[in-house]
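Asks: My questions all concern the structure below.
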Amino acid sequence: MRFFDEIWECLNCYNLEQKFAKFNQIWDNFYDCKMDYDSQILPLSTPSYAKFCDVKSLKELKQKHSTQAFLHSIAHIEYSAIDIALDACYRFRNLPIEYYFDWLEVAKDEIYHFKMIANKMSELGVKYGDYAVHDGLFVALKQTQNSLINRMAVLPRYMEANGLDSNLFMMQKLISNGDKDGILEILKVIHKEEIDHVSKGDKWFKFACERDGVEHSNWIDIVRDYYPRAFEAKRALDVKHRLMAGFSQDEIDRMQKFQEN
């Protein structure tokens, strides 16, 4: 099995059953794979979900406020996260074997998260693809496809860490308002495992910085090169779990200062 070729096929597969079966095959045979570093690295073009979802830009997407739409938005994040982890494996070569195992492990978790949400959606009469979705995460993938430092800075360390904040807020809201649809326990599982995902992003961001002689303290500057208004939204940070995932207190303080302006 040629590892990168198989990952590329899995990344671009849009049939859910086939995609997850393909991933399981890669996972089960990981240590027997041939790390075909010499294979061509193909550029990202369109997300795999474009085959069955109505894709909009973030600005075009109209918010819906039903429980079904809420779950669909989470399902989209989790599905996107599967492809984010797979692309992290595919795109960056000649790294320690632990790097590829880490991102396969993340993809495995994200598939589990997606299936939990999909099952709950099915109970409520909807499926992934029934609502329009945004391409914001895929745009971030394309923008960072030529730099491991920037990929780790923007996707896990910025966007997924923002997800920790959002998830904590949603859980607190469900606890306060009631959880008649049984969503809270799913969010708890996702939140716990996302801490580890952010930690993996932190590890490989710092690895890439040290390898390339770049100061990892400039993480905020890297993010704001892509998103000039980053960190300015007034939101509660999940400080406890960001620190657990590798953030420094100085980074937390800098993020909070942006909110004060």
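Asks: Mind putting a number on the dipole of the chain about its Cα centre? Charges go on the C-beta only, +1 for Lys and Arg and -1 for Asp and Glu, and I need it in Debye to the nearest 20. Working shown, then result.
Replies: On the way: 34 positive and 41 negative charges, 143 e Å.
Using only the charged Cβ atoms, the result is roughly 680 debye.
Asks: Full-extension gain between A21 and Q40, please, as 0.36 nm times their residue separation minus the C-alpha to C-alpha distance.
Replies: On the way: separation 19, 0.36 × 19 = 6.84 nm, distance 2.40 nm.
Gain on extension, A21 to Q40, equals 4.4 nm.
Asks: Take the alpha carbon gyration tensor of region 69-223, find the square roots of its eigenvalues, order them as a ≥ b ≥ c, and report rounded if a/c is under 1.5; if not, report prolate when a/b exceeds b/c, else oblate. Could the numbers behind the result be given before it?
Replies: Numbers: a/c = 2.16, a/b = 1.85, b/c = 1.17.
Judged from the Cα gyration tensor, region 69-223 comes out prolate (a/c at least 1.5, a/b above b/c).
Asks: I've got another one for you. Which stretch or stretches of region 67-97 have amide N atoms under 19 Å from the point lying 7 Å from E193's Cα along the Cα→Cβ direction?
Replies: 71-89
Asks: Within the chain, what's the longest run with no chymotrypsin sites (Phe, Trp or Tyr not before Pro) in a DSSP loop and at most 16 other beta-carbon atoms within 10 Å? Give the range, please. Walk me through the numbers before you get to the answer.
Replies: Details: sites that count: Y14, Y37, F52.
Counting at most 16 other Cβ atoms within 10 Å as exposed, the longest clean stretch of the chain is 53-261.
Asks: Beyond a 22 Å Cα-Cα separation, which of these cross-linked pairs lie in this structure: K22/K108; K22/K206; K64/K240; K56/K142?
Replies: On the way: K22/K108 12 Å; K22/K206 31 Å; K64/K240 31 Å; K56/K142 16 Å.
Beyond 22 Å between Cα atoms: K22/K206; K64/K240.
Asks: Further, regarding this structure: State the answer as a single residue: which of M121, L168, Q145 lies farthest towards the positive end of the charge dipole of region 121-189, with beta carbon charges of +1 for Lys and Arg and -1 for Asp and Glu, about the Cα centre.
Replies: Q145
Asks: What list of ³J(HN,Hα) values in whole Hz, one per residue of region 222-238 in order, does the Karplus curve 6.51 cos²θ - 1.76 cosθ + 1.60 (θ = phi - 60°) give from phi, with Gly and Pro shown as x?
Replies: Ordered by residue, 3J(HN,Hα) equals 4, 4, 6, 5, 8, 10, x, 9, 4, 6, 8, 5, 7, 9, 6, 8, 7 Hz.
Asks: If you don't mind, there's one more thing I want to ask. Sequence-distant or interchain residues sharing an amide H contact under 5 Å with A132, placed H: which?
Replies: Those lying under 5 Å, H to H, from A132: there are none.
Asks: While we're on this one: Any idea which of N261, Y49, H134 is furthest toward the positive side of the dipole for the chain, if Lys and Arg beta-carbons carry +1 and Asp and Glu beta-carbons -1?
Replies: N261
Asks: Something else: Please give the residues of region 135-150, grouped as numeric ranges, whose backbone N is less than 18 Å from a label point set 7 Å along the Cα-to-Cβ vector of V214.
Replies: 140-150
Asks: Report the FRET efficiency, 1/(1 + (r/R0)^6), for Y226 and S122, where r is their Cβ-Cβ distance and R0 is 22 Å, rounded to 0.05.
Replies: On the way: r = 36 Å, r/R0 = 1.63.
So the FRET efficiency works out to roughly 0.05.
Asks: Also: Spin-label point model (7 Å from Cα, Cβ direction): what's the M244 to D32 distance in nm?
Replies: 3.7
Asks: Tell me whether region 148-261 comes out rounded, prolate or oblate; compute the Cα gyration tensor, take square roots of the eigenvalues as a ≥ b ≥ c, and use a/c under 1.5 as the rounded threshold. Don't skip to the answer; put the middle values down first.
Replies: Details: a/c = 2.55, a/b = 1.65, b/c = 1.54.
Prolate shape, in that a/c is at least 1.5 and a/b is the bigger ratio.
Asks: Quote to one decimal, in nm, the extra length available between S166 and Q259 on full extension: 0.36 nm per residue of separation minus the C-alpha distance between them. Mind showing how you got there, number by number?
Replies: On the way: separation 93, 0.36 × 93 = 33.48 nm, distance 1.57 nm.
Full-extension gain reported as 31.9 nm.
Asks: Considering only C-alpha atoms, what is the centroid distance from region 1-74 to region 109-152, in Å?
Replies: 9
Asks: Hey, for a label at D130 modelled as a point 7 Å past Cα toward Cβ, could you say which residues of region 73-90 have their backbone N under 12 Å away?
Replies: Counting backbone N atoms under 12 Å from the label point, the list is 73.
Asks: While we're here: Please state the shape class of region 1-146: rounded when a/c is under 1.5, otherwise prolate if a/b exceeds b/c and oblate if not, all from the C-alpha gyration tensor.
Replies: Values: a/c = 2.44, a/b = 1.64, b/c = 1.49.
Prolate, because a/c is 1.5 or more and a/b exceeds b/c.
Each value in this text was obtained by applying a stated rule to the coordinates, not by laboratory testing. Quantities reported herein were computed from a predicted structural model and do not represent experimental measurements. A quick note on method: Cβ atoms are made from the backbone with ideal geometry, for glycine too, and the neighbour counts reach across all protein chains shown.
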